[in-house]
Amino acid sequence: MYTRTADFLRDYREEAAAAQQNWDALTDESLAVKPGDVYWTLGEHLWHIASLWQYVFCNDLKHWPADELVEEAPTTAQGLADFYRQQAEKACAWIEANWSDADLAGELELWGMKMTRGQLLGGIIRHEAHHRGQIIVLMRLAGLAVHGIYGPGKEEVDALEQAQG
């Protein structure tokens with residue numbers, strides 16, 4: 001749970017920037033990768049987290065105008081990566097301009113649950129981390145290199161070991 005907007009903004013911007021390095025490495029072909037018939041594709045996972053802010057802020061909380069809701073996912077890897085980048089920064093800018101530290105203690109009801117705004121923000125970060133992990137597995141299945149977010153990825157470790165001789 002967040003009690004200071006500055007703490008959330010710092011954490012989320014760092015998380016989004018690290019994840020963005022993976023999103024920028026996606027290919028159009030990789031968007032279709034999925035582990036089985038009943039599971040989401042890599043592209044569907046990325047759309048889910050890229051579009052979350054707009055659904056929460058346009059539909060559920062009514063903080064953003066409804067006409068800003070984009071219902072169709074971009075069809076290219078670059079389009080999805082760019083959409084994620086834009087939505088992440090739009091959400092941060094809106095929170096920075098509209099929610100004070102005191103506002104984070106304010107309670108709201110969302111998806112049938114009562115929570116504070118600070119709990120919502122913490123939940124969004126954890127939700128994205130969950131889906132980022134799934135996307136990274138799908139990137140590996142697609143044969144793509146993965147940038148480490150919470151530590152170096154395999155390719156980064158390999159490069160370090162080679163540099164050290």
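The values are calculated or read from the model by the stated rules, or taken from the named source; none is laboratory data. Note that the structure is predicted; figures quoted are calculated from it, not measured. Cβ coordinates were reconstructed from backbone atoms using ideal geometry, including for glycine residues, and neighbour counts include every protein chain displayed.
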Query - Answer residue from region 13-32, given it is among the hydrophobic types (A, V, I, L, M, F, W, C) and assigned to a loop (DSSP other than H, G, I, E, B) and is surrounded by the most Cβ atoms within 10 Å (Cβ to Cβ) among those - result: Leu26
Query raised in the report: Only one of (1) of a type in the set (A, V, I, L, M); (2) over 27 Å from Lys34 (Cβ atoms); (3) assigned to a helix (DSSP H, G or I); (4) at pLDDT below 95 is not met by Val137, so which one is it?
Result: (2)
Report summary line: Of Leu160, Leu141, the only residue that is under 24 Å from Ala19 (Cα atoms), in contact (Cβ under 8 Å) with a residue 60 or more places away in the chain and over 19 Å from the mean Cα position of the chain (by Cα) is Leu141
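Of the residues Glu71, Glu96, Glu44, Glu89, which single one is more than 22 Å from Gly153 (Cα to Cα), charged (D, E, K, R) and at pLDDT below 95? Before you say what the answer is, go through the steps one by one.
Numbers: Glu96 fails: at pLDDT below 95; Glu44 fails: at pLDDT below 95; Glu89 fails: at pLDDT below 95.
One residue alone meets the criteria, Glu71.
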Report task. Quick one: Val56 ticks every box in (1) among the β-branched types (Val, Ile, Thr); (2) part of a loop (DSSP other than H, G, I, E, B); (3) within 14 Å of Ile124 (Cα to Cα) except a single one, so which number is it? Result -> (2)
Query raised in the report: How about region 108-126: which of its residues are touching a helix residue (DSSP H, G or I) at 6+ places or on another chain (Cβ under 9 Å) and either at pLDDT 95 or above or buried (at least 16 other Cβ atoms within 10 Å of the Cβ) (or both)?
Result: Met115, Thr116, Arg117, Gly118, Gln119, Leu120, Leu121, Gly122, Ile124, Ile125
Report task. Identify all residues within region 140-165 that are exposed (fewer than 14 other Cβ atoms within 10 Å of the Cβ), of a type in the set (A, V, I, L, M, F, W, C) and either part of a helix (DSSP H, G or I) or in contact with a Ser or Thr (Cβ under 6 Å, 6 or more places away or on another chain) (or both); write none if there are none. Result -> Leu141, Val157, Ala159, Leu160, Ala163
